[in-house]
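One structure is given here, and the rest of the page talks about it.
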Amino acid sequence: NMSGSKNSIPHLTSERLLIKGGRVVNDDQSFYADVYIEDGLIKQVGENLVVPGGVKVIEANGRMVIPGGIDVNTCLMKSYLGTQPVDDFFQGTKAALAGGTTMIIDHVAPQPGDSLLEAFERWQEAADKKACCDYSLHVDIPQWNENVKDELELLVQDKGINSFQVYMAYKDVYQMTDSELYEAFSFLKLLGAVVLVHAENGDLIAQEQRKILGMGITGPEGHPLSRPEEVEAEAVFRAITLGNRVNCPVYITKVMSKSAADTITQARRKGSVVFGEPITASLATDGSHYWSKNWAKAAAYVTSPPLSPDQTTPDHLHTLLACGDLQVVGSSHCAYSTSQKAIGKDDFTLIPEGINGVEERMGFVWDKAVAMGKMDENQFVAVTSTNAAKIFNLYPRKGRIAVGSDADIVIWDPDSVKTITAKLHLNVFKAAEYNIFEGLESRGGPVLVLSQGQVVYEEGKLHAQQGTGRFIPRKPFPDYAYQRVKFRNQGVTRGIYDGPVYDVAPIPKYITPSPSAKTSPTSHQPPPIRNLHQSNFSLSGAQIDDNIPRRSGHRIVAPPGGRSNITSLG
Amino acid sequence: MSYQGKKNIPKITSDRLLIKGGRIVNDDQSFHADIYMEDGLIKQIGDNLIVPGGVKTIEANGKMVIPGGIDIHTHFQMPYRGTTTVDDFAQGSKAALAGGTTMIVDHVMPEPGASLIEAHDQWRQWADEKACCDYSLHVDITHWNDSVKQEVDNLIKEKGVNSFQVYMAYKDYYQMSNSELYEVFTFLAERGGIAQVHAENGEIIAEEQARMLQMGITGPEGHVLSRPEELEAEAVFRAITIASQTNCPLYVTRVMSKSAADIISQARKKGNVVFGEPITASLGTDGTHYWSKNWAKAASFVTSPPLSPDPTTPDYLNTLLSSGDLSVTGSAHCTFSVAQKAIGKDDFTQIPEGVNGVEERMALIWDKAVTTGKMDENMFVAVTSTNAAKILNLYPRKGRIAVGSDADLVIWDTDAIRTITAKTHNSAAEYNIFEGVELRGAPLVVICQGKIVLEDGNLHATSGVGRFIPCSPFPDFAYKRIKARKQLAVLRAVPRGMYDGPVSEFSMSRGGTPSASARTSPTKQPVRNLHQSGFSLAGPPTPDDIPIRPAGRRIVVPPGGRSNITSLS
């Protein structure tokens, strides 16, 4: 009975709320103001607001009022060998709200051969039934072919999806070749989508896994040993190179290591349009736990790319997040029970990959970056919410406290201290499970959380309602990513060469390195243009220029004296 | 002319030479001393040498005496689509000697599918017939399978080849996948070979070439537009990653751009064993000429990776060469006539790739790096000869002026000024990519195998006197560090109790395991099945199956941070 109209009308439309005496913190400024909320939207922001009588008033007492967090990376339905993560859309979004996150973007993860559209619809149906907060969806592309292209077009134009993930790892399953990536990037750029990349070199991982299993290492420590951080950095570098070539924005999901983050930083210095997403786990813990003698504990940390065994990693990533070199924080929340993890008890390559973090995300960024003096409160809002909204074209509906924005608001207490433990956290309902942040103390947390203008969390009590979460469609060509992306073109005019030509052997041993049919079924087959040139060739020196499709008025991009390639400012 | 037996006995054994009053410049120091040579070897070094009477004496008059140059990268007499490059081993090595280079290392290029050993023997025959100076060979691995593996093994053990080039470009032709590169590097690391890479991302190039042609760009500028320098940098980065994983020394041939050079210097700062080879062209000119209105001129610059259109590149590469971040210089001398280049007149992807540079190499580095104050004379010797000799395990026979070393010497005139032009160069090519460039520094006298081959501007090179110099594996310069790391970086499993809790049910049919496929990895399949057969829901521990590590071995990556020696950062 709750289906049907709920996508258009927020749940309790009569709810009217006034937050009094708070300090509104957006990504650009902080100021004292009251916030009046009606019908799930922010109606007024300012002092001495004129509001209807009988409105429920929340006293903020000078505390921070921030836009609700957006967790850009969750996997609440990503099945592995037929088993589902223990946190579904209900458990997962409840945990999100408890941590101050009022919107999630989940990954639709179809298997190779599945229809993307059907997978998307399954995800949407499940989320509509269960989600307690607004959500949107990324769609992962498990393989590249013609059908996928049609489905992508449909997803962008009709379904409100503007971000798709491709994989450089998981050889023979999800992994794409460089040629496929090039085509996927080119196509997604035309659609105006954001390309998300799982960046690890799958070929090398496969080799290393075999080597390490061959050495008799079968436990979870084999996971980071077979996926050293340079394998991540290499793929990040390659993804950025592809992005530069295609002139397409690139978004690196799960930045787990210093070297990967540094690669992103350097590319941004050169002008590449690239975004980096560290996650709760890489910001708060490290990979030394893979060597734990407790198998179940060690396995709980298994995710890809793995947590770096270098203990200085979290601090380094926080520094880059604070200075803007990394932009958004996700959690990559994908919780499996110990018995599910035990699928890989004899072989680390079979351990389901996934860790928790949706609930702890905002708290750790506050604790490790703001409380340490690395980051100010405005940048905190930027990395936990605003930047995500901008990259994925949700801004200013989400990610900002302003008139007309959704009433997803958190009153944040910078001084509250809690200790993370599996016993207390809300997202686990099975006994004796592991929280990878077990025992860590975190300063800063939500006192009150509003989702769609309703109080869903107050003084430690959660009032989340299953099925109230709405799917938020997103338009293509987000300004934040696409404004800088522009076009380039074109060649040189010269007289035709009419000197002697060496007689070529009839069998061309040098094959033209054009895309092979196998790896690129789409391809930009240029035969007509080719033939045009050949037929037009004449030793008398006729004006070949006449037939070359050239648009006048286009600048030469790389003239003598150095190229003026706009994507590379370095 | 017969060349029987010439490998054992130098041609004119009676040749005795004395260089008087020179300043010997090695890579480590310079000092004034006389040099006495006999039988093609340096016999004495010092002041007031006691030498036999009637010895021919050369007065150096205080000029520099340096080890003859080693051009570590040439393509003489290279077959290409039924034709060959215009400089054969005679012409090419003559040009080398004229520029002060007394040894070349040529690339053997077997066709994909062809036997490496047969190709190697063919190159040996060509070079033995014609070369005017000593030479060695690199062998390019153009495809990879078990029989190639055998041949590589044989080349290392029997044929005196220790360096092999693989390609990351030329899709569907020479290009290798990451998995193949991993296997080649692993194999070479075991056998003590040097992995050389042609580093460019062939897949992206193929896409870009198709795009350029589609846009109607068919001239030589399409070459550089379809191969932007970041594709070079990307491949260098990837090659370094693979080499680091396999603990194999890496040698990047033809460093053409600033970004590729930067990647190499960053990796060296992290402790990677990687050597970078800029070439004469990238040190002396840039890629702006691809936009020349003269097609033939533009085409003469076509080489891969292309010259960078960024005109600050040569200066930058000379700086990194001076600082030691780049290690050796080659020329990648591979010359085609204009008519041969014109095979690609309607399609830049068909233009034969290659530039000149064997003759200009040493003078160009002197002019751009030493006279500008970037580099001292000792470093000049290091990057033009000593480092190459060390990498190829030819040191100190080559690359040093010392008693017992080969008598390959150059008296270097630091003040001579020459203008490069195709009219006077020793190559057969019609174009010289350095046309009109004025270079300070030139060889005054060149001595090769103890014989004077250049004197008073006259070249007396003799075709066929060049000997093949075998290179042995495991050169210390590259492998000392590799060996030490191999001993340290032993990975061990964590000894922990068997997990005996519940295990979720799962189906293997869907999704598949992300492990290596049989297709690309012919080795090691049983491991998988072993595990599956040992799997049981009842969960009793089966410790016999698990290889327990011997007690007392260190865990390499303990909690608290890894101690993996290959990453020193």
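The numbers here are math on the coordinates, done by the rules we state, and not lab data. Fair warning: this is a prediction, and the values are worked out from it, not measured in the lab. Cβ sites come from the backbone with ideal geometry, for glycine too, and all protein chains shown count toward neighbours.
Taking amide hydrogens as placed 1.01 Å from N in the peptide plane, the amide H of B:Gly466 sits under 5 Å from those of B:Ala131, B:Cys132, B:Cys133, each at least 5 positions away in sequence or on another chain.
Roughly how crowded by other chains is peptide B:308-317, in terms of the mean Cβ count from those chains within 10 Å of each of its Cβ atoms?
Details: counts 2, 7, 4, 3, 1, 1, 0, 0, 0, 0.
If you average over the peptide's residues, the count of other-chain Cβ atoms is 2.
Computed from the Cβ-Cβ distance with R0 of 22 Å, the FRET efficiency linking A:Asp262 to B:Arg485 stands at 0.45.
Hey, with R₀ at 30 Å, roughly what FRET efficiency would A:Val57 and A:Ser416 work out to, going by the Cβ-Cβ distance, to 0.05? Using R0 = 30 Å, I get an efficiency of 0.85. Karplus-based coupling profile of the range A:157-165, in residue order and whole Hz: 7, 10, 10, x, 10, 10, 9, 9, 9, with θ = phi - 60° in 6.51 cos²θ - 1.76 cosθ + 1.60 and x standing for Gly or Pro. Across peptide A:168-180, the average count of Cβ atoms from other chains found within 10 Å of a residue's Cβ is 4. The label point for B:Val55 and the one for B:Ser265, both projected 7 Å from the Cα toward the Cβ, are 4.4 nm apart.
Within 10 Å of each Cβ in B:231-240, how many Cβ atoms from other chains are there, averaged over the peptide? Walk me through the intermediate numbers first.
Numbers: counts 5, 1, 2, 10, 2, 1, 9, 9, 1, 2.
Taking all residues of B:231-240 together, the mean is 4.
Restricting the trypsin sites (Lys or Arg not before Pro) of the range B:413-485 to loop positions (DSSP other than H, G, I, E, B) with no more than 13 neighbouring Cβ atoms within 10 Å leaves B:Lys423. Each peptide in A:29-40, B:323-334 gets a packing score, the mean of other Cβ atoms within 10 Å over its residues, and the list from highest to lowest is B:323-334, A:29-40.
Across the range B:196-210, coupling constants 3J(HN,Hα) worked out from phi with the 6.51/-1.76/1.60 Karplus curve, θ = phi - 60°, read 9, 10, 8, 9, 7, 7, x, 5, 5, 4, 4, 5, 5, 4, 4 Hz, and Gly and Pro carry x. Checking the cross-link pairs A:Lys20/A:Lys461; A:Lys270/B:Lys341; A:Lys189/B:Lys171 against a 26 Å limit on the alpha carbon distance flags A:Lys270/B:Lys341 as lying beyond it.
Under 5 Å between amide hydrogens, built in the peptide plane, is the criterion, and for A:Val410 it picks out A:Ile66, A:Gly68, A:Leu450 among residues at least 5 positions away or on other chains. Partners of B:Lys486 within straight-line reach, counting lysines whose Cα lies under 24 Å from its Cα and excluding those fewer than 8 residues away in the same chain: A:Lys211, B:Lys149, B:Lys157, B:Lys269, B:Lys270, B:Lys390, B:Lys524. Estimated at 0.36 nm per residue, the fully extended path between A:Gln44 and A:Asn378 surpasses their Cα-Cα distance by 118.2 nm.
Take the alpha carbon gyration tensor of the range B:63-486, find the square roots of its eigenvalues, order them as a ≥ b ≥ c, and report rounded if a/c is under 1.5; if not, report prolate when a/b exceeds b/c, else oblate. It is rounded, given that a/c, with a ≥ b ≥ c, falls under 1.5. Per-residue Karplus couplings for the range B:121-132, computed as 6.51 cos²θ - 1.76 cosθ + 1.60 with θ equal to phi - 60°, are listed in order as 4, 4, 5, 4, 5, 4, 6, 4, 5, 10, 4, 9 Hz, Gly and Pro entered as x.
Nearest 20 debye, what's the magnitude of the dipole of the range B:213-306 about its Cα centre given +1 on Lys and Arg Cβ and -1 on Asp and Glu Cβ? Don't skip to the end; give the middle numbers.
Numbers: 9 positive and 8 negative charges, 30 e Å.
I would put it at about 140 debye.
Taking a ≥ b ≥ c as the square roots of the eigenvalues of the alpha-carbon gyration tensor, the range B:322-418 is classed prolate because a/c is 1.5 or more and a/b outweighs b/c. Here's the picture: charge each Lys and Arg Cβ at +1 and each Asp and Glu Cβ at -1 in the range A:65-483, and of A:Ala184, A:Thr421, A:Val381 the one pushed furthest to the positive end of that dipole is A:Val381. As a calculated quantity, the FRET efficiency between B:Met498 and A:Thr312 at R0 = 22 Å, using C-beta atoms, amounts to about 0.05. Backbone amide hydrogens, once placed in the peptide plane, bring B:Phe275 within less than 5 Å of B:Leu250, B:Tyr251, B:Val252, excluding anything fewer than 5 places away on its chain. Label separation (A:Asp150 vs A:Cys323): 5.0 nm, computed from points 7 Å beyond Cα along the C-beta direction.
Each principal axis of the Cα cloud of the range A:182-298 was evaluated for its coordinate range; sorted largest first, these ranges are 49, 30, 23 Å.
For A:Lys159, the lysines whose Cα falls under 16 Å of its own Cα, not counting residues fewer than eight places away in the same chain, are A:Lys149, A:Lys475.
What you get for the range A:65-483, charging only the Cβ of Lys and Arg (+1) and of Asp and Glu (-1), is a dipole of about 380 debye around the Cα centre.
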